[in-house]
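Have a look at the structure below before the remarks.
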Amino acid sequence: RRIDRVIRDETTLRVLRHAVTPVLAVLATATSLPHRVVVGIDFSRASVGAARAALAIAATGASLTLLHVEQPGEGDAAEEGARLVHELGVAGALARLREYLVAHSPAARGISIDTAVATGRPSHQLLEYARAAGADLIAVASRRHGAVERLMLGSVTDELTRASARSLLVVPPTRG
């Protein structure tokens, strides 16, 4: 709740907000490298970094889904043609990212990479997709929101940290 964000600030969230290297939070019940991974992709350098980091820790033979979540109304265009162009653009960008990862990430060998698009609140969609897919890891990029912005908008990373029943990999924004 918003009031909780003002009154208390959990240690885990503080670490995630200030980390300059990726942070991996692993469930106590995990006994192996992740076999099913969902990566939240917003096409930022940090989200590409999250995909690369997830590939590096995934088990051989694992499957990884690059999931782009659109906000409600994003891509909605009154004209059907404009909506199609938007959908093809997102699908094309995901396909190019997949090709890039396969070509430039040695860890991608032996790992199945697919793509998906969902619409809704990003944290909810990532959690729901991971649940439905039986994922054991969710990987995302963090953003550096100020206290007021976090209070008003919330944070996908905060929401995932509080609600996820899966291991979580958070990659900070890249500098420069």
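The values are calculated or read from the model by the stated rules, or taken from the named source; none is laboratory data. All values reported here derive from a predicted model rather than from experimental measurement. Glycine gets a Cβ as well: all are built from the backbone with ideal geometry, and neighbour counts include every protein chain shown. These area figures cover heavy atoms from the full protein model, side chains too; ligands, DNA and RNA do not enter into them. Shrake-Rupley method; radii C 1.70, N 1.55, O 1.52, S 1.80 Å.
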Exercise for the section: Sort out which residues of the stretch 160-175 are within 13 Å of Val48 (Cβ to Cβ) and not in a loop (DSSP other than H, G, I, E, B), and write them in order of number. Expected result: Val171
Fill in the blank from the handout: Of the residues in the stretch 27-60, those that are open to solvent by 50 Å² or more (accessible area, probe 1.4 Å), closer than 19 Å to Leu127 by Cα and of a type in the set (S, T, N, Q) come to Thr29
Handout entry: Matching residues, the stretch 93-132, being over 18 Å from Thr161 (Cα atoms) and among the basic types (Lys, Arg)
Key = Arg96, Arg98, Arg109
Practice task
Could you tell me whether any residue of the stretch 117-129 is touching a helix residue (DSSP H, G or I) at 6+ places or on another chain (Cβ under 9 Å) and farther than 16 Å from Gln71 by Cα?
Solution key: no
Practice task
Could you pull out the residue among Ser112, Ser44 that is at pLDDT 90 or above, under 28 Å from Val26 (Cα atoms) and hydroxyl-bearing (Ser, Thr, Tyr)?
Solution key: Ser112
